[in-house]
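Presented below is the structure to which this report refers.
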Amino acid sequence: MNFALPAELLALKAKVRRFIAEEIVPMERDPRQTAHGPNAELRQALVEKARAHGLLTPHASTEMGGLGLSHMEKAVIFEEAAYSPLGPIALNIHAPDEGNIHLLELVATPAQKQRWLLPMVQGHIRSCFAMTEPSPGAGSDPSMMTTTAVRDGDDYLINGQKWFITGAEGASVAIIMARMEDGTATMFLTDTDRPGFILERMMDSLDSCFAGGHAVLRLENLRVPAADVLGEIGKGFRYAQLRLAPARLTHCMRWLGQARRAHEVACSYGSRRQSFGKTLGEHQGVGFMLADNEMDLHSTRLTIWHCAWVLDQGERGNVESSMAKVISSEGIWRVIDRCVQVLGGQGVTGETIVERIFRDARSFRIYDGPNEVHRMSLAKKVLSRFTEDKQ
């Protein structure tokens, strides 16, 4: 593994850093932000800024108009973009669109790419990924899926309920996971304005960084043509893994940028604020917290870069991305929590960006699989390897 960054990547990193600082950070108090994320007008304004600077959708392939970034290159650029909560929206690298673009590039037909993927890459439309269901349906255990798809002539009729569907409000296209009559799962693409695709309500949540928030969907005899099946019938769970391994990692990249921002705010405050005859940072209680932040940020970045390297070697990287997700989500949470403590009263108010980052970041330990589920899966692999070694 060689983590020395080439000159071209360093130049792109510097370009993104300048863009975020000069164009996006000043918009962080824009009133067009809502409890369910930036509204459509604000999102479009942000996207146009990135388009004008040649930074829109950099992770997409060059054939689709992106920069064709490798996983390692994404690790560097996504961290820089996420220095502002609005950065991933501007560059069109936010969830769930980032993961959906990756999946469609791998699996979609040429017609599907032209109809849905290209407008997504160009920033003209958004998407959502509808897999999670309320109890007793699929959550951490996707095998419990209750949404069904039944063949009806040249179409499929889909029925069920989905919730915690990020980006659903305002999305033009949805990827829906449904159970087939033989018990397998299949992914379907659908325009969200089709009859039977019903957004029942928005869900209030701690975070407010995702365009379109989180919604409850009802699918009521939703008719989807067979031509809109994504990939092959019965391979939905396999495609979900193709999407989730890199998507988990890009979550880590983005949250690392947020944690670094919080840390820099805390360091600036600790270097200026006077208390008991010296700056806060000179007190060991505060200085040690800032030192611990540096170590957590460093170890998290190395973990992300290692996983990115594994994926760039053509490996599936499921185990590595699970470990990276747990290590990163818990490391960045420690960093942000310490920053709140260093800032004192300012840390729990909107006086700085840290309070918002704190609210947004808490959900990371749940998104893309709760950390406990990743630990359970890793424990099984560890025990299996130990058993095999003993035989």
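A short reminder: the numbers here are calculations on the coordinates, not readings from a lab. The model shown is predicted, which means the values in this text are computed figures rather than measured ones. Every residue, glycine among them, receives a Cβ derived from its backbone with ideal geometry; neighbour counts consider all protein chains shown.
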For this session: Could you tell me how many degrees, from 0 to 90 and to the nearest 10, lie between the Cα long axis of helix 40-52 and the main elongation axis, the longest principal axis, of the Cα atoms of the chain?
Result: 70 degrees
Problem set entry | Mean Cα-pair separation over length for region 245-388, i.e. relative contact order, pairs under 8 Å, 6 or more apart, % | 30 percent
Problem set entry | Ranked Leu242, Leu10, criterion: other C-beta atoms within 10 Å, fewest first | Leu10, Leu242
For this session: Report the relative contact order of region 295-378, percent, no decimals, based on alpha-carbon pairs under 8 angstrom and at least 6 residues apart.
Result: 29 percent
Exercise. Fewest first, what order do Val342, Val76 take by the number of other Cβ atoms within 10 Å?
Worked result: Val76, Val342
For this session: Return the subset of Lys325/Lys381; Lys15/Lys113; Lys113/Lys235; Lys235/Lys381 for which the Cα-Cα distance in this structure is over 25 Å, preserving the input order.
Result: Lys15/Lys113
For this session: For the chain, build the convex hull from the C-alpha positions and give me its volume per residue in Å³.
Result: 156 Å³
Problem set entry | Rg(Cα)/(2.2 N^0.38 Å) for region 263-331, N = residue count | 1.55
Problem set entry | Rh by Kirkwood over Cα pairs, then Stokes-Einstein D for region 270-391 at 1.306 mPa s and 10 °C, µm²/s | 95 µm²/s
Problem set entry | Rg/Rh for region 138-221, where both radii come from Cα atoms and Rh is the Kirkwood radius | 0.98
Exercise. Over the chain, what is the mean sequence separation of C-alpha contacts under 8 Å (at least six apart), divided by residue count, expressed as relative contact order in percent?
Worked result: 16 percent
Exercise. If one takes the longest principal axis of the Cα atoms in the chain, at what angle in degrees, from 0 to 90 and to the nearest 10, does the Cα axis of helix 7-19 lie?
Worked result: 80 degrees
Exercise. Can you work out the base-10 log of I(q)/I(0) for region 149-292 at q = 0.10 1/Å, using the Debye formula on its C-alpha atoms alone?
Worked result: -0.53
Problem set entry | Angle between the chain longest axis and helix 236-272 axis [Cα atoms, degrees, rounded to 10] | 20 degrees
Seminar exercise, completed: One can check that the equivalent ellipsoid of region 347-391, built from the alpha-carbon gyration tensor with semi-axes equal to the square roots of five times its eigenvalues, has lengths in Å, largest first, of 40, 9, 5
